[in-house]
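Chemist: The structure under discussion is supplied below as structure tokens; questions concerning it will follow.
Read-outs throughout are calculated quantities, based only on the coordinates presented, and are distinct from any laboratory measurement. Please read all numbers here as calculations on a predicted model, not as lab measurements. Neighbour counts run over all protein chains shown; Cβ positions are idealised from the backbone, glycine included.
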Amino acid sequence: MAQVKSIKGTHDILPNQTKDWQELEMQVHKTSNLYGYSEIRTPIIETASLFNRGVGEETDIVSKEMYLWEDKDKSIISLRPELTAPVVRSYIQHNLGGQSPLQRLYYIGPSFRRERPQKGRQRQFHQFGVEAIGSANPEQDAEVISLGWDILKSFGIKSLELKLSSIGSKSCRENFKSELVKYLNPFIPKLSEVSQRRLEKNPLRILDTKNKDEIEIVKSAPKIEQFYTKDDQNYFFSVQKFLNDLEIPFKIDPLLVRGLDYYTQTTFEICSENLGAQDALLGGGRYNGLVGSLGGKDAPAVGFAAGMERVIIAAKNRKKISPKIPTIYAICTNDEAIGILQNSAKQLRSIGYKVICETLRRSMRSQMRDANKSNADYVMIIGDDEFNSRTIQLKDLKNGKQEKVDLEKIISYFKSLTF
Ligand code: HAM
């Protein structure tokens, strides 16, 4: 019979890979908590209009990449392509703003975008991220960036580059957009079809082009900083000052274009050289209009999200951080002793040992082979002799030493060992 395979652009995370995921998740929980952020979990499915209104109808994410379907009650449902809009929806729905003037939230979970799959780009991928809702001050931007930076560093990624920009206030952006369109109009015949379409719908995205000829054209285009208001400029300088105070190096990148419509003022990405074309590990920025535009009482906000698959690729050569758990492989060659061994294993787990018990009733030889393969520190064996004398045979696999211990003394024996 034909096999059923996973869907294009989706991946199984296999048992030999999940340790990395658990460690990354642990770092996200730990570091976010150290910064005073609390976890929020929102559903994977949402009403599609949340993203039309939140992320923007003209963005690639919404116009081309959303997984959508009509539900039985005729409502249009989508798999979430990102978590900022869902978190803001939840913040408004549960009046989190009324509970505290500043909500510091973080999340971990899958997102879905129907993109062309390649290394570091899947259709189901996973993000961790944070959203700080309530503060309009530049130190909040710096705190959010610092938290993202610390998580990536704590996971052992060395070569990080923070790209920083500001897309200014709404009036600044509108002025910039119209000047950019004016500048690009004479080049229309030289622009790709995609860019010609963008010129009408979302001209800022042309700045992000990967096309060589267009890169040349864009080089001499007007720059956003020429359109900053005094307030925009002061705000951006303050973010930079706070990053300097935090000793986080950054590069100002006026061509940094984020693919979501909700940003105002600060935008940023953290990239790693180990990634190739899809080099953004993390992206985010300030979005002061989103809470209001989704029906809440206006609240300024800033956040980021990171792609966990990319973070794990970038951290391939890191030193593992998880502490080693002492491991015992429990072997049994007398069927009557199985229960005794399982009970000892249970007690040993309660004092912190990892214990793997044989359940295939195989020969001593193949159980020993498995024990060696499992990287265990000890094997404990109950055969006929041990069963009759209520003892357990212990073998230290590191030095080969073997001794018999009374069954009753097994817990105190292991308690006395230090690792
Ligand atoms: P984003 O830049 O669309 O921002 O995504 C953030 C990160 O998710 C990217 O830097 C990348 O690492 C990862 N990512 C995005 N698409 C894919 C994909 N198809 N496959 C693998 N990884 C991917 C957002 O999602 C915003 N919600 C970030 C934000 C939070 N802004 C403010 N708050």
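Chemist: In region 244-294, if every C-alpha pair distance is counted and binned at 5 Å from zero, what percent goes to each bin?
Modeler: Over region 244-294, the share of Cα pairs per 5 Å bin runs 4, 15, 23, 24, 16, 11, 5, 1 percent.
Chemist: Output the 0 to 90 degree angle, nearest 10, between the alpha-carbon long axis of helix 138-154 and the longest principal axis computed from the alpha carbons of the chain.
Modeler: The angle comes out near 40 degrees.
Chemist: Cα axis of helix 84-93 to longest principal axis of the chain: angle in degrees, 0 to 90, nearest 10?
Modeler: 90 degrees
Chemist: Ok, one more. Rg over Rh of region 202-309, using C-alpha atoms and the Kirkwood radius, what does it come to?
Modeler: Working: Rg = 15.4 Å, Rh = 15.8 Å.
Rg divided by Rh gives 0.97.
Chemist: Shifting gears a bit: Please state, rounded to one decimal and in Å, the Kirkwood hydrodynamic radius that region 170-225 gives when every pair of distinct Cα atoms enters the mean of 1/r. Can you show the working numbers first?
Modeler: On the way: mean 1/r = 0.0891 Å⁻¹.
Answer for region 170-225: a Kirkwood hydrodynamic radius of 11.2 Å.
Chemist: A further question follows. Report, in whole Å, the centroid distance computed from the Cα atoms of region 189-251 and region 61-127.
Modeler: 26 Å
Chemist: Within 15 Å, Cβ to Cβ, of Thr391, how many net charges do the neighbouring residues add up to if Lys/Arg are +1 and Asp/Glu are -1? Could the numbers behind the result be given before it?
Modeler: Working: positive: Arg390, Lys395, Lys404, Lys409; negative: Glu336, Asp384, Asp385, Glu386, Glu403, Asp406, Glu408.
Charge balance in the 15 Å sphere: -3.
Chemist: If you don't mind, there's one more thing I want to ask. Given region 327-416, what whole percent of its Cα pairs are spread farther than 18 Å? Write out the running numbers ahead of the final one.
Modeler: On the way: 1412 of 4005 pairs.
Counting every Cα pair in region 327-416, those more than 18 Å apart make up 35 percent.
Chemist: Gln402: net charge of surrounding residues, Cβ under 10 Å, Lys/Arg +1, Asp/Glu -1, itself excluded? Working shown, then result.
Modeler: Values: positive: Lys395, Lys401, Lys404; negative: Asp396, Glu403.
Surrounding charge for Gln402 is +1.
Chemist: Normalized C-alpha radius of gyration of region 1-145, against 2.2 N^0.38 Å? Present the calculation step by step, with values, prior to reporting the outcome.
Modeler: Numbers: Rg = 17.2 Å, N = 145, 2.2 N^0.38 = 14.6 Å.
Normalised Cα radius of gyration, region 1-145: 1.18.
Chemist: Okay, next question. Could you tell me how many degrees, from 0 to 90 and to the nearest 10, lie between the Cα long axis of helix 338-350 and the main elongation axis, the longest principal axis, of the Cα atoms of the chain?
Modeler: Once rounded, one gets 50 degrees.
Chemist: Oh, and also: Rounded to whole Å and sorted largest first, list the principal axis extents of the Cα atoms in the chain.
Modeler: So the three principal-axis extents are 92, 57, 46 Å.
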